[in-house]
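The block underneath contains the structure these notes are about, expressed in structure tokens.
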Amino acid sequence: MRDQMNWDSLFLNGNPFDISPPMDSENVIWAGMTKLEQHFNEIFQQAAFSSATQVVLNRGPYGGGKTHASLYFGIEDNLPPEVTKRTRVYSINIRLPKEVGNPSHDFYVDFLENEKLGMTRVQEIISNVVTGLSEAEALQSFHKVLGSEELARAFWLFGTEDTPEKQALLRPYFLEGCTRTDLKKLGIARNISKAQDRFRVIAGVLQCLIGLDASRDISQHSRVCLWIDEMEDMIYFTSAQFRMLSQGLREIIDLLPNFFTLFLNMSLAEPKEYDDFETLLGRAVIDRITNSIYFSELEIDESMQYVNKLINNPIYRDKPLPKGLPRTYPFEVKALEMLVEDLEKRTPRDINKRCHNAINHAFHDIHFEAGKSIIDQKYVMKIEKNDLDRETN
Amino acid sequence: MKPVLCVVDTNSLIHMRDIRVARKELGLWLWREFTVKVSDKIIEEVRNPRRHRPSYDVQRKCTESNWRFQNQIDKLEGAFLQSFYPNLDGDKNKGELHNCCVALEAILTNKHHQVIFLTNELNITDEKKNGFIYRIFDTFPIGRIWSSLHFILYLFLRHRREFSFAEAKNALRDVNSRMRGEAVSAQERLITFNNKLKQINQTLLQLQNI
């Protein structure tokens, strides 16, 4: 079926209606949803003009665009220019671990092995930050954020050690731990064994990205954004796992009082009472939230604007449409309105699903003859609701 | 007075495994609070080697609590269950189905007046999903369907001096995390039961002398 979908005949370069977030985050585009975009821009503007750490709760229904926002705003070029002119912004995106065995350990490894980090990059980051510092100065700075002399020493070694043998021992030290003999060779007294240590290491790496300068001068630091997706999966943690992770997040927030923004993406059916948020995120985290963004379902006009902006983005439509065709082509305006009007949940994902299914149906019917046919109200009425809301890949 | 009968399903016992409240294993509290009975199928299931299963003590208690049917199970299935669950062939949902027969026979034989049907199977007890266990108990007024979360609230209510509010909150989270389901539904479930726990706690604080 996919092979029969000739997007060229719709004056499109490909399928604009993705159901799952794109793998290639460089090509993520923002369509419509202007209030949300404005809200994010305000948060980044605050970040550019103040050193204070932000903790942002992004909440809303499944398919509301939270993951999409993390991918889009995770690209520095997509941030408001007045922000990037003032400060460098680094973004790291991770997902809450799915495995429930040892989530704090999995979270730690996922962070270090993240596509934007990895141990080689972590080493580079630490190495860059200690350049120009004496051993004593660096150890003092590391000790402050890591709260442990041994961890501070490990950071110093990782950033400065140039013997390949010791470097080869430091990677396992950070990821899985070393034998006693190897620890002795490194001159470090103990492994990273406690959950608290792991969260401190995460904070330490983030602090190195931010910069070790003791001042609050924006020009001397970068802003680091950590996006944690699928926070709703905390519900699958037992009380011990839940406590460990929420206290770990609090530890990171408290160790990084400046130049850090933590975005927590969490699917929720609808806005809840404060107490309910505490149940879902833990008091340790909820007390530290500075901003909250609600990804509400779209109104009909917002949905129309969303589809319009999406299909006319140059990535998907780089040539003008033939005269007489509406900008919503392959949909007639009224037909598109009909499609989005009776959606049970008017989220970007469900709008995408409907639009994709309607086009798919039309291709299957051989309904399109380039520029001469359109999905109109009459055609939409012909499509069964089940076909419109069918799950697609 | 005829004691309340608690008919227990395997998954509710599995979800309560390794959880201790008021210094005792949560699952074993069932036998302290109620007369517990289970069908043969449940005994088979709790002994079944699998990744998670109830403790040995719970398995033993289940074996001791086997319900001896006075009627032939085929006859009970045909007359009682067929209209709610047309395809009775095979093993699917057999534990719950036979437990329903235990519940009905316990009332019909006048051994018990009411039944607590303990199961954590969300789909088959859900009114919105027209679950067959829901429909059976909606038609036959023989008792109430509970999940392990209801049982935790009941224990908190009964043993408030040994069972702290914090311990009850943790037990609710532990069991809820094992009941799975969609994250948003699991969130709503935990919030609902946490709010019930708070309300019970507030009431109990005002009635400390009782």
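In a DSSP loop and with at most 12 other Cβ atoms within 10 Å, the GluC sites (Glu not before Pro) in region A:78-149 are A:Glu99, A:Glu115. A Förster radius of 30 Å, combined with the Cβ-Cβ distance separating B:Phe140 from B:His52, puts the computed FRET efficiency at roughly 0.40.
Decide, for region A:1-118, between rounded, prolate and oblate: order the square roots of the alpha carbon gyration tensor eigenvalues as a ≥ b ≥ c, take rounded if a/c falls under 1.5, and otherwise choose prolate if a/b is larger than b/c, else oblate. Since a/c reaches 1.5 but b/c is at least a/b, the shape of region A:1-118 is classed as oblate. Between A:Leu262 and A:Gln54, A:Val55, A:Val56, A:Leu226, the built amide H atoms are under 5 Å apart, and every one of these is 5 or more places off in sequence or on another chain.
With each run of n ≥ 4 DSSP H residues scored as -39500 (n - 2.57), what mean residue ellipticity at 222 nm is computed for chain A after dividing by its residue count and rounding to the nearest 500 deg cm²/dmol? Only helices count here, giving -14000 deg cm²/dmol.
Given axes a ≥ b ≥ c from the Cα gyration tensor, I'd like to know whether the protein assembly as shown is rounded (a/c under 1.5), prolate (a/b larger than b/c) or oblate. Verdict is oblate for the protein assembly as shown. In this structure, the amide hydrogen of A:Arg95, modeled 1.01 Å from its nitrogen in the peptide plane, lies closer than 5 angstrom to those of A:Asp229, counting only residues at least 5 positions away or on a different chain.
For region B:142-148, putting each phi into the Karplus relation 6.51 cos²θ - 1.76 cosθ + 1.60 with θ = phi - 60° gives couplings of 9, x, 10, 8, 10, 9, 4 Hz, in residue order, rounded to whole numbers and with x for Gly and Pro. A Förster radius of 25 Å, combined with the Cβ-Cβ distance separating B:Lys196 from B:Ala166, puts the computed FRET efficiency at roughly 0.95. Highest mobility in the GNM of chain B, judged by mean-square fluctuation with C-alpha springs under 10 Å and restricted to B:Gln72, B:Gln114, B:Gln199, is found for B:Gln72. When only the Cβ of Lys, Arg, Asp and Glu is charged (+1, +1, -1, -1), the dipole of chain B relative to its Cα centre reaches about 720 debye. Label separation (A:Glu384 vs B:Glu44): 3.8 nm, computed from points 7 Å beyond Cα along the C-beta direction. A simple count of charges around B:Ala186, restricted to other residues whose Cβ falls under 11 Å of its Cβ and scoring Lys, Arg +1 and Asp, Glu -1, yields 0. For region A:25-33, putting each phi into the Karplus relation 6.51 cos²θ - 1.76 cosθ + 1.60 with θ = phi - 60° gives couplings of 5, 4, 9, 6, 10, 10, 10, x, 6 Hz, in residue order, rounded to whole numbers and with x for Gly and Pro. In the structure shown, the pairs A:Lys345/A:Lys385; A:Lys98/A:Lys194; A:Lys385/B:Lys129; A:Lys194/B:Lys169; A:Lys66/A:Lys116 are assessed against 23 Å; a Cα-Cα span above that value is assigned to A:Lys194/B:Lys169. Other residues whose C-beta falls under 10 angstrom from the C-beta of A:Asp287 contribute a net charge of +2, scoring Lys and Arg +1 and Asp and Glu -1.
With a/c under 1.5 counting as rounded, go ahead and sort region A:153-228 into rounded, prolate or oblate using the C-alpha gyration tensor (a ≥ b ≥ c being the square roots of the eigenvalues; past the cut-off, prolate if a/b is larger than b/c, else oblate). Judged from the Cα gyration tensor, region A:153-228 comes out prolate (a/c at least 1.5, a/b above b/c). For chain A, a Gaussian network of Cα nodes joined below 10 Å ranks A:Leu212, A:Leu146, A:Leu262 by mean-square fluctuation, and the top entry is A:Leu212. Annotation: amide H-H contacts under 5 Å for B:Ala22 (H modelled 1.01 Å from N, sequence separation of 5 or more, or interchain): B:Ser164.
For the residues of A:230-237, the average number of beta carbons from a partner chain within 10 Å of their own beta carbon is 5. I'd like the FRET efficiency for A:Thr120 and B:Arg180, computed as 1/(1 + (r/R0)^6) with the beta carbon distance as r and R0 of 56 Å, rounded to 0.05. It comes to 0.90.
Taking a sphere under 15 Å around the Cβ of A:Ser222 and counting the other residues whose Cβ falls inside, with K and R at +1 and D and E at -1, yields a net charge of +3.
Each semi-axis of the equivalent ellipsoid for chain B is √(5λ) with λ an eigenvalue of the Cα gyration tensor; in descending order they amount to 28, 19, 18 Å. Counting only other chain Cβ atoms within 10 Å of each residue's Cβ, the peptide A:274-283 averages 3. Comparing mean-square fluctuations of A:Asp287, A:Asp350, A:Asp110 from a GNM of chain A with C-alpha springs under 10 Å, the top value falls on A:Asp287.
Would you list the membrane-span-like helices of chain A, meaning whole DSSP H runs whose alpha-carbon atoms span at least 15 Å along their axis and whose mean Kyte-Doolittle value is at least -0.5? Going by DSSP H runs, the hits are A:118-130, A:135-146, A:149-160, A:164-175, A:195-210, A:239-255, A:300-311. In chain A, the DSSP beta bridges split such that about 5 percent are antiparallel, to the nearest 5. Taking the charge dipole of the protein assembly as shown about its Cα centre, with +1 at Lys and Arg Cβ atoms and -1 at Asp and Glu Cβ atoms, the residue from A:Cys178, B:Gly95, A:Ser219 reaching farthest to the positive side is B:Gly95.
Each reported figure results from applying straightforward, stated rules to the coordinates on display, with no laboratory input. Worth saying up front: this structure is predicted, and the values here are computed from it rather than measured. In this analysis, Cβ positions are derived from the backbone assuming ideal geometry, glycine residues included, and neighbour counts consider all displayed protein chains.
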